[in-house]
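Visitor: Encoded as structure tokens, here's the structure I'll be asking about.
The values are calculated or read from the model by the stated rules, or taken from the named source; none is laboratory data. Please read these numbers as outputs of a predicted model, since none were measured by experiment. Backbone-built Cβ (ideal geometry, glycine too); neighbour counts: all protein chains shown. Note: accessible area is taken over every heavy atom of the protein model, side chains too, but ligands, DNA and RNA are not part of it. Shrake-Rupley method; radii C 1.70, N 1.55, O 1.52, S 1.80 Å.
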Amino acid sequence: MKSFPLKIVTPDGLQFDGEAEELVVRTVDGDMGVMAGHINCVTALGMGRALIVSGGKRREAACIGGMLSVLEGSVTLVPTTFEWAETIDVRRAAAAEARARKALEEKARLSKMEQKIAEAHLKRSLVRQNVAAGSGRHN
Amino acid sequence: MAGVSTKEIKTRIRSMESTKQITKAMEMVAASKLRHAQAKIAHSRPYFQLLYGVIQDIARLNTEQKLPYLQPVQNSEDRIAYVVIAGDRGLAGGYNSNILKMVYQDMAGKDVDVLPIGKKAADFFHLRGVPLLNEQYTNAEDVSVSDCFTMAKALCKAFKAGKYSEIRLGYSNFVSALSQTPATMELLPLSALDNDPTDEGEGILYEPGRRVVFEAIIPEYLGGVIYGALCESRASEQAARRSAMDTATQNAEEMIADLSLKFNQARQAAITQEITEIVAGT
């Protein structure tokens, strides 16, 4: 299968730099797949699972925020947070979920902003847990 | 001879020595933290350079309506929000006072709210009666990347709602291990990008649209900038502390040398006096 150069850059540094055959990410508009020869394109990322096929191996990650750009055949993924499924701290994510749920229970006392933050926390923790749980299935 | 007794000098030497040990230890801790902080700066730089490149491209290519964030919202309040990054602890030379004084001068005579990062920043503005946005981030050492993004999102929203006409950032620029300069910069509006758009499109597809991508990326970019500034400030703090502690250690050494000389003189004087008394046979 034809491959393309892929770079994944986060504020914590370079997460991946090499050839990949396939990339699927969750954008603000739904899932988007990239393969070699994709048109030049820039899009903003949502929260969700990212799938990378590199050297015939599937790897999954929780990928949240940021953007994806395809330029002249090379793909740059610039997420805010990017964690490979096997490095996700499930216990921390579960704790974050519990905290967010508890915060949301007292909805009435929260301002709109705080509510939104708690919802975002909840969503992120769920994405992390889902990705971490899914990694066993596919390998 | 000297009015001070040998015992008194000895106690002072001992206390200087323990001070020296403390400053020496602090210096070494700061040096190792500095190394970590420097690595973090290097890691975080490419991230927002990439985002900034895309933002620039979109602003340049945009020929339709005006993009948000490039100028203040119409009839926005004439109020400025300041994000100020300082340290949690003192004993870092001029690090805290340099940045705080500079920001305080910068905001003189304006209507401002401050979002302090670091205990020293919160205390400083609290003491001067400047309204604080919140005090969630008064522990600069614990502020994470995601905190920076939460902050950026909240600030962007307030800016879009017309609550602020400008959002500024005060931080310390890490020039080198020996030099750190305080700086303030404009976060929003991105007036540098507000120029006449050109049509030299490179045929890039923006999914689902330029405006949507632009609006989604700006808060991320700002979060990246705040995080980058935080990394720079942390490195600056450690560098400032390291050199302050280095100077303190040297001063302690000098004082110990000085006191040792005095101690030896006093001891010698006592011996001489005793011999004189024996010889004189009194």
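Visitor: Given the stretch B:41-135, report the % of alpha carbon pairs whose separation exceeds 19 Å.
Guide: More than 19 Å apart: 59 percent of the Cα pairs in the stretch B:41-135.
Visitor: Here is a follow-up. Would you kindly calculate the translational diffusion coefficient of the stretch B:145-197, applying Stokes-Einstein with the Kirkwood radius from alpha carbon pairs, for 10 °C and a viscosity of 1.306 mPa s, and quote it in µm² s⁻¹ without decimals?
Guide: In µm²/s, the coefficient rounds to 121.
Visitor: In what sequence, highest mean first, do B:209-219, A:24-34, B:223-233 appear when ranked by Cβ atoms within 10 angstrom?
Guide: Top of the packing list down: B:223-233, B:209-219, A:24-34.
Visitor: If you average the sequence gap of Cα pairs under 8 Å that are 6 or more apart and divide by the length of the stretch A:4-86, what percent do you get for the contact order?
Guide: 31
Visitor: Sticking with this one: Residues with beta-carbon under 10 Å from that of B:Ala140, excluding B:Ala140: net charge, scoring Lys, Arg +1 and Asp, Glu -1?
Guide: Here the count lands on 0.
Visitor: I've got another one for you. In Å, what Rg and Dmax follow from the Cα atoms of the stretch B:46-92?
Guide: 17.2, 53
Visitor: Using only atoms on other chains, find how many Cβ atoms lie within 10 Å of each Cβ of peptide A:40-49 and report the average.
Guide: 5
Visitor: Here is a follow-up. Which percent of the Cα-Cα distances in chain B go past 32 Å?
Guide: In whole percent, the long-distance tail amounts to 43.
Visitor: Between B:Ala192 and B:Ser144, what's the calculated FRET efficiency when r is the beta-carbon distance and R0 is 30 Å? Round to 0.05.
Guide: The calculated FRET efficiency here is 0.60.
Visitor: What is chain B's relative contact order, in percent, from Cα pairs under 8 angstrom and six or more apart in sequence?
Guide: 33
Visitor: Report, to the nearest whole %, how much of the accessible area of the protein assembly as shown belongs to carbon and sulfur atoms, 1.4 Å probe, protein only.
Guide: 52
Visitor: If you don't mind, there's one more thing I want to ask. Given N residues in chain A, what is Rg(Cα) / (2.2 N^0.38 Å)?
Guide: 1.13
Visitor: Now for a separate question. Go through A:Lys116/B:Lys160; B:Lys119/B:Lys160; B:Lys110/B:Lys163 and tell me which ones have a Cα-Cα distance over 19 Å in this structure.
Guide: Exceeds cut-off: B:Lys119/B:Lys160.
Visitor: Hey, what angle do you get for helix B:6-61 against the long axis of chain B, alpha-carbon based, 0 to 90 degrees rounded to 10?
Guide: 10
Visitor: Still on this model: Residues with amide H under 5 Å of B:Tyr206's amide H, sequence separation 5 or more or different chain, H placed in the peptide plane at 1.01 Å from N; which?
Guide: It is A:Val42, by chain and number.
Visitor: Next question. Compute the signed sum of charges (Lys and Arg +1, Asp and Glu -1) over the other residues within less than 15 Å, Cβ to Cβ, of B:Lys7.
Guide: Taking every Cβ under 15 Å from that of B:Lys7, the sum is +4.
Visitor: Taking only DSSP H segments of four or more residues, each worth -39500 (n - 2.57), what value at 222 nm results for chain B once the sum is divided by all its residues, to the nearest 500 deg cm²/dmol?
Guide: Calculated mean residue ellipticity at 222 nm is -21000 deg cm²/dmol.
Visitor: Work out the length of the dipole vector of the stretch B:130-174 about its Cα centre, built from +1 on the beta-carbon of each Lys and Arg and -1 on the beta-carbon of each Asp and Glu, and round it to the nearest 20 debye.
Guide: 380
Visitor: Counting alpha carbon pairs within less than 8 Å and at least 6 residues apart, what relative contact order, in whole percent, applies to the stretch B:127-282?
Guide: 26
Visitor: Another question about this same structure. What does the accessible area per residue of the stretch B:1-56 come to in Å², with a 1.4 Å probe and no ligands, DNA or RNA counted?
Guide: Accessible area per residue, the stretch B:1-56: 66 Å².
Visitor: Enter the angle in degrees (range 0 to 90, nearest 10) between the Cα long axis of helix B:145-160 and the first principal axis of the Cα atoms of chain B, meaning the one along which they spread out most.
Guide: Roughly 50 degrees, rounded to the nearest 10.
Visitor: Where the convex hull is taken over the Cα atoms of the stretch B:125-172, what is its projected area averaged over directions, in nm²?
Guide: 4.2
Visitor: OK, next. If I fit a long axis through the Cα atoms of helix B:210-280 and take the longest principal axis of the Cα atoms of chain B, what angle between them do I get, 0 to 90°, rounded to 10?
Guide: For B:210-280 against chain B, the angle is about 10 degrees.
Visitor: Additional query: Peptide A:5-11: average number of partner chain Cβ atoms within 10 Å per residue?
Guide: 5
Visitor: While we're here: Just the ratio, please: alpha-carbon radius of gyration of the stretch A:88-134 over 2.2 N^0.38 Å, N its number of residues.
Guide: 1.17
Visitor: OK, next. Taking each residue of B:265-273 in turn, how many C-beta atoms of other protein chains fall within 10 Å of its C-beta, and what is the average?
Guide: Average neighbour count from other chains, rounded to a whole number: 0.
Visitor: Still on this structure, please answer the following. Ordered by packing density, taken as the mean number of other Cβ atoms within 10 Å over each peptide's residues, highest first, how do B:29-41, B:158-170 rank?
Guide: Sorting B:29-41, B:158-170 by mean packing, highest first, produces B:158-170, B:29-41.
Visitor: Please sort B:12-25, B:135-148 by packing, taking for each peptide the average over its residues of neighbouring beta carbons within 10 angstrom, highest first.
Guide: B:135-148, B:12-25
Visitor: Still on this structure: Hey, what does the equivalent ellipsoid look like for the stretch A:4-86, semi-axes from the Cα gyration tensor as sqrt of 5 times each eigenvalue, largest first, whole Å?
Guide: Semi-axes from the Cα gyration tensor: 16, 15, 12 Å.
Visitor: Could you tell me the largest-minus-smallest coordinate of the C-alpha atoms of the protein assembly as shown on each of the three principal axes, in descending order and whole angstroms?
Guide: Per principal axis, max minus min of the Cα coordinates gives 108, 56, 50 Å.
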